[in-house]
Amino acid sequence: MAFRIAQALQTIAKMAFAGALGASLVAGDVDAQQKQPSPGSAKALFGSVALPTQGGAQPFGFYAKGCMTGAVALPTDGETWQAMRLSRNRRWGNPAMIALLERLSADAAQYDGWPGLLVGDIAQPRGGPMFNGHASHQIGLDADVWLTPMPSNHMSAQEREALPFTTMLQKGAFLTINPDVWSQSHARLLMRAASYPQVERIFVNPAIKKKMCDTWTGDRTNLGKLRPEYGHDSHFHIRMKCPPGAAACKSQAPVAAGDGCDKSLAWWFTKAPWAPPKPPKPGTPPVKPREVMVSDLPNACAAVLAAPSVSSVRAATYGGPSAAEALTVAPAAEPAAAPGDALPAIGPVPDDKPSGE
Ligand SMILES: [Zn+2]
């Protein structure tokens, strides 16, 4: 496994130095390459629960190590959004997250020239680690939104499985925005998302952050919330603060003051983030990564897994059964959870990364 990781990182580094670092740098979790989680692992257990718990919404733990109760589903459709990849069953979140997505979709349509959101993964019904695609998204306070505007047609479930991702990066160039796909509406959408006080940070590709630094002429107060990360060239990732009263939710250190258009951004344009890892000292036994178990998560998560379910998806859809029914499309019959289908998640993070994500 360690060897495979090293190989993957070397491949990524080669791609970068060849100047071919593109869009398709799926720097995702190497675990995403695993076909199936081991039976009994936290990924297997949380991934097999179809419905959220009854009762109030509570996040337990941290974005990348936790679970949740009382999740609600984003309706598959609204006037200004469509949920994507329905077979993955990851449109669950803290009610505050779902409310924020609906609000952002409406505001962006009204003010920013962005016709509607295509919403990707939020979380599993009870949160927890996912077997592919993400390190975080575990407590219902992270959501991925496509950088593709919502089409005017109402997509079928199959179309939502099949629509390809569109990268904002120029093919064959190093961390460069493609002017043929990037627009001022993309910039306005990102700044709209960053404008809400409950939004803690937003992950974007370093090339997108640089573009924003170079071109955003409006109020830059919230520009610092846009955080450069691996991947994130065809979607952005919204992370909310722990909601008020969520005592078991572990906060992330706040972003540094300022617009972030500084050396923490410049670092991404050096070789350091793309360098292959140092080879282990000869004779060092390889470290075998261990799968996350429920016992590695906050204590509450075992009880969260065992707690009674709500009666149906419909009963737990945000806005009530009428929202669940309005325009709803049924999930695609064939689950399309092929590992390669995941949106690029936060990738391997070198030790010397300065920005503290
Ligand atoms: Zn994400």
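The values are calculated or read from the model by the stated rules, or taken from the named source; none is laboratory data. The shown structure was predicted, so the numbers you read here are calculated from the model rather than taken from an experiment. Here Cβ is always computed from backbone atoms with ideal geometry, including for glycine, and neighbour counts include all displayed protein chains.
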Q.
Checking Val145 against (1) part of a loop (DSSP other than H, G, I, E, B); (2) under 12 Å from the mean Cα position of the chain (by Cα), only one condition comes out false. Which one?
A. (1)
Q: For segment 238-245, indicate whether the set of residues that are free of Cβ contacts under 8 Å to residues at least 24 places away in the same chain, within 25 Å of Pro59 (Cβ to Cβ) and part of a loop (DSSP other than H, G, I, E, B) is non-empty.
A: yes
Q. If you go through segment 233-255, how many residues are surrounded by 12 or more Cβ atoms within 10 Å (Cβ to Cβ) and either over 20 Å from Ala96 (Cβ atoms) or among the aromatic types (Phe, Trp, Tyr) (or both)?
A. 4
Q: Answer with yes or no whether Val292 is closer than 28 Å to Pro95 by Cα, among the hydrophobic types (A, V, I, L, M, F, W, C), part of a loop (DSSP other than H, G, I, E, B) and at pLDDT 80 or above.
A: yes
Q) In this structure, is Gly61 surrounded by 20 or more Cβ atoms within 10 Å (Cβ to Cβ), on the phi > 0 side of the Ramachandran plot and either at pLDDT below 95 or in a strand (DSSP E or B) (or both)? A) yes
**Q.** The one condition in (1) of a type in the set (Gly, Ala, Ser); (2) more than 16 Å from the ligand (Cβ to nearest atom); (3) buried (at least 17 other Cβ atoms within 10 Å of the Cβ) that Ser195 fails to fulfil
**A.** (3)
Q. If you go through segment 128-146 one residue at a time, how many are away from the ligand (no atom under 13 Å from the Cβ) and closer than 24 Å to Ala157 by Cβ?
A. 1
Q: Can you work out which of the residues in segment 256-274 that are in contact with a Leu (Cβ under 9 Å, 6 or more places away or on another chain) and crowded, with 16+ Cβ neighbours inside 10 Å is farthest from Asp142 (Cα to Cα)?
A: Trp274
Q) Any residue in segment 157-174 that is in a strand (DSSP E or B) and more than 16 Å from the ligand (Cβ to nearest atom)? A) yes
